[in-house]
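Everything on this sheet refers to the single structure shown next.
What follows draws every value from the coordinates through simple rules; no lab data is involved. Note that the structure is a prediction, hence the values are computed from the model and not measured. Note that each Cβ is placed from the backbone with ideal geometry, even for glycine, and that neighbours are counted across all protein chains shown.
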Amino acid sequence: MAAAGIRSFGKRVASGSRRPARRAPGRRLALVAVGLAAVILAVALLRAPSGSDDLIPRGVTVAGADLGGLTRQQAVQVLETHLARLETAPVTLSFEGRTWQPTLAELGGNIDLERTLDRAMERQSLLARLRTELLGSAPEPVPLYVTLDQRQLDQYLSRLAGEIDRPPSIPQLELRDGQLLLHEPQPGVRVDQGRLRETVIHALQSLQPSAVEIPVQAVPAAYGEQDVETAVAKLRGFLSQPLTLTFEGRTWEIDPETVATLLLLVERPEAPAGQRLAVRFAEEQTANYLGTLLGDLWRPAKDAEVAWDGQRVVPVSESQDGLELDLPAMLAALDEAIERGASEVPVQVKRIEPAISSDNLEELGIRELIGVGETVYAGSSPERAHNIRVAAEYLNGTLIPPGATFSFNEAIGPITEERGYREGYVILAEETVPGIGGGVCQVATTTFRAAFFAGLPFVERHPHRYRVLWYELDGWPVGFDAAIFQPGADLKFQNTTGAHILVQTEVTEEKLYVYLYGTSLGYDVELAGPEIANEVPPPPDVEEVDPSLAPGERRQVEWAKAGMDVTITRVFKRGGQVVQTERFFTRYQPWGNKYLVGPAPAEEPTPVVEEPVPTPGEQTPVDPETGEQPAGEETPAPEEPAASPTPEG
């Protein structure tokens with residue numbers, strides 16, 4: 001008999017001849033059905049795919065984004081949108097109210113979507129699929145693959161530290177009411193790049209935009225109280241009296257309050273204890289202050305003005321050294337005065353030697369007359385003659401250094417009323433009109449001829465638009481002129497003599513001369529030509545109504561000239577033999593008579609009074625361009641490029 005309270009889990013056996021009870025047939029069938037269904041389901045799951053091979057399996061997520069049932073391209077679009085914030089601003093870095101939001105790429109990070117999606121599209125295991133289908137559990141999230149370029153991350157953090165790091169400041173000085181005050185310095189800081197690097201990497205691993213406070217370390221000053229006390233004692237002694245500057249008998253006194261505004265303390269970490277702070281003059285403030293205080297001392301170097309006296313070049317005005325503040329030397333002298341406790345400091349200057357010194361004119365190499373040009377201006381209007389004299393005076397005394405390119409426009413400067421020029425007639429576009437400086441081209445033409453006969457190579461030269469008969473007087477050929485216009489057309493030639501060239505002008509009652517003095521190139525230069533071709537007759541006369549004229553009045557302002565192509569030749573000889581030639585081509589436009597007439601014709605027309613036009617050889621012409629007031633110049637005509645000198649046997 002079993003003990004009380006004891007339950008037996010063994011098989012029950014009947015006593016005597018009793019037989020075991022038979023299990024109900026319905027229960028047995030139910031168990032068989034359940035087992036069969038489980039086998040069928042397992043086989044079905046094993047053989048059935050988890051989805052189409054082109055679709056991501058159901059329930060797959062990446063970084064919190066559900067990609068189940070999507071194609072690869074759809075998944076790319078979903079992830080790009082989902083991860084946009086992570087790529088543009090994965091971390092927000094902050095320090096003392098300033099923020100930085102670098103992109104993932106700036107931090108060296110890169111999201112590998114291809115690798116991530118390859119993993120997302122892999123088939124699940126049978127066990128995982130059974131768990132998903134039978135228990136409704138989600139599959140494990142697919143990791144987002146992110147690569148990190150450690151070197152690029154370090155470079156970004158280093159640049160960031162450059163914006164934040166600051167050394168400890170130096171005490172600031174102030175002299176107020178005779179009392180020397182020192183403002184407390186600010187501590188230095190340095191970004192802890194090691195900690196910041198770890199923090200940023202941890203934030204990136206979270207795959208969520210994160211805020212990071214930039215960790216910094218305090219930077220202690222290299223000086224101590226003893227250094228401050230020593231510097232202050234020296235400073236008090238220096239500021240106990242005014243500072244006096246001296247130069248060649250002159251003195252300037254600076255009061256202590258002003259001196260204090262120019263001083264600062266600088267750190268000297270390598271100096272012994274007690275000397276790690278030094279009092280110095282601030283460079284920028286001191287330079288600005290002394291530039292104003294000593295302004296009347298400074299002057300540019302002045303070149304000697306020279307002239308040819310018939311035998312040699314002599315000074316017309318003496319050269320003068322320039323003076324400017326030698327700032328490095330001045331700062332050194334002031335700082336030395338602080339160390340010595342001195343109250344008087346000589347002004348340190350830098351002397352600038354002139355390019356042309358009156359003490360060594362022989363070094364210019366000006367030994368002889370190398371070229372001369374001449375033109376006739378007799379008969380010019382008073383305005384035109386005046387402008388010729390003004391331009392010639394500006395040109396006179398010009399020195400051309402060896403190898404330099406002479407510019408006529410630069411040599412004479414701006415042609416303006418303020419510089420003495422008057423209104424004359426100039427060629428502008430297709431007509432002759434009043435303009436400031438009419439006649440200046442006569443000076444340019446004369447200079448052109450001087451350089452021509454000196455054998456100097458031309459860099460730029462323009463002829464006039466039409467023939468100007470002034471330049472054919474005294475037997476000079478057509479095509480031997482040069483036009484200038486400001487701004488724009490210029491006359492330029494290069495000094496290839498190896499020595500300076502002096503330009504000197506002479507204006508007589510009838511003629512203008514331009515002389516070039518220097519060292520000859522050794523050629524005998526001759527003018528050949530002109531060769532004239534393609535002559536074109538003048539166009540028909542033109543009348544233009546001028547309301548300023550009286551009715552019936554008629555005035556001629558343009559004179560007819562034929563057009564033509566002209567070539568002159570520069571011939572270089574040495575020992576009587578031609579060694580090279582250079583051709584100068586000009587195409588003159590045909591030019592017609594032009595008349596200004598009053599607004600209404602008179603009953604009896606006023607006869608035209610035409611001034612005589614000079615012919616080559618006349619010495620006292622009336623202005624050939626406009627009669628009473630000669631046409632000056634100035635818009636050049638297109639010129640065929642002159643051929644380079646060609647050697648001849």
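So what J values fall out for the range 381-392 if you push phi through Karplus, 6.51 cos²θ - 1.76 cosθ + 1.60 with θ = phi - 60°, rounded to Hz, Gly and Pro as x?
3J(HN,Hα) across the range 381-392, in whole Hz: 4, x, 5, 5, 4, 4, 5, 4, 5, 5, 5, 5.
Calculate the spin-label point distance for Q150 paired with A355, positioning each point 7 Å from the Cα along the beta-carbon direction, and give it in nanometres.
Output for this residue pair reads 6.1 nm.
Which net charge results when you count Lys and Arg as +1 and Asp and Glu as -1 among the other residues whose beta-carbon is under 12 Å from that of P401?
Overall, the nearby charge balance is -2.
In sequence order, what are the phi-derived ³J(HN,Hα) couplings for the range 241-254 according to the Karplus relation 6.51 cos²θ - 1.76 cosθ + 1.60 with θ = phi - 60°, rounded to whole Hz, with x for glycine and proline?
8, x, 9, 10, 9, 10, 7, 6, x, 9, 10, 9, 10, 10
Search the structure for amide H atoms under 5 Å from the amide H of L521, placed 1.01 Å from N in the peptide plane, and list their residues when 5 or more places away or on another chain.
none
Give the peptides 209-220, 61-72 in descending order of average Cβ contacts within 10 Å, highest first.
Put in order of decreasing packing, that is 61-72, 209-220.
Rounded to the nearest 0.05, what FRET efficiency is calculated for R72 and A218 with R0 set to 51 Å and r the Cβ-Cβ distance? Walk me through the numbers on the way to the answer.
On the way: r = 53 Å, r/R0 = 1.04.
Once rounded, the FRET efficiency stands at 0.45.
For every other residue with a beta carbon closer than 13 angstrom to the beta carbon of R115, add +1 if it is Lys or Arg and -1 if Asp or Glu, then tell me the sum.
Charge balance in the 13 Å sphere: -2.
Take the alpha-carbon positions of the range 225-352, form their convex hull, and give its projected area averaged over all directions (one quarter of the hull surface) in nm².
The orientation-averaged projected area of the Cα hull of the range 225-352 comes to 10.3 nm².
For Y523, what charge total do you get from the other residues with a beta carbon under 10 Å from its beta carbon, if Lys and Arg give +1 and Asp and Glu give -1?
+1
Run the quick spin-label model on W298 and R159: label points 7 Å from Cα toward the beta carbon, then report their separation in nm to one decimal.
Between W298 and R159, the label points sit 3.8 nm apart.
Would you grab the residues whose amide H sits under 5 Å from the one on V557? Only those 5+ places off in sequence or on another chain, please, with H modelled 1.01 Å from N.
Correct list: K594, Y595, L596.
Would you please give the residues with an amide H less than 5 Å from that of G397, counting only those at least 5 places away or on a separate chain, with H modeled from the backbone geometry?
Correct list: V503, Q504, T505.
Looking at the range 151-298 from every direction and averaging, what is the projected area of its Cα convex hull in nm²?
Result: a mean projected hull area of 14.0 nm².
Quick one: if the Förster radius is 60 Å, what FRET efficiency do R119 and R190 give, using the C-beta to C-beta distance and rounding to 0.05?
Calculated transfer efficiency: 0.90.
Using θ = phi - 60° and the Karplus form 6.51 cos²θ - 1.76 cosθ + 1.60, what ³J(HN,Hα) does each residue of the range 283-299 get, whole Hz, x for Gly and Pro?
4, 5, 4, 5, 4, 5, 5, 5, x, 7, 4, 9, x, 6, 7, 7, 8
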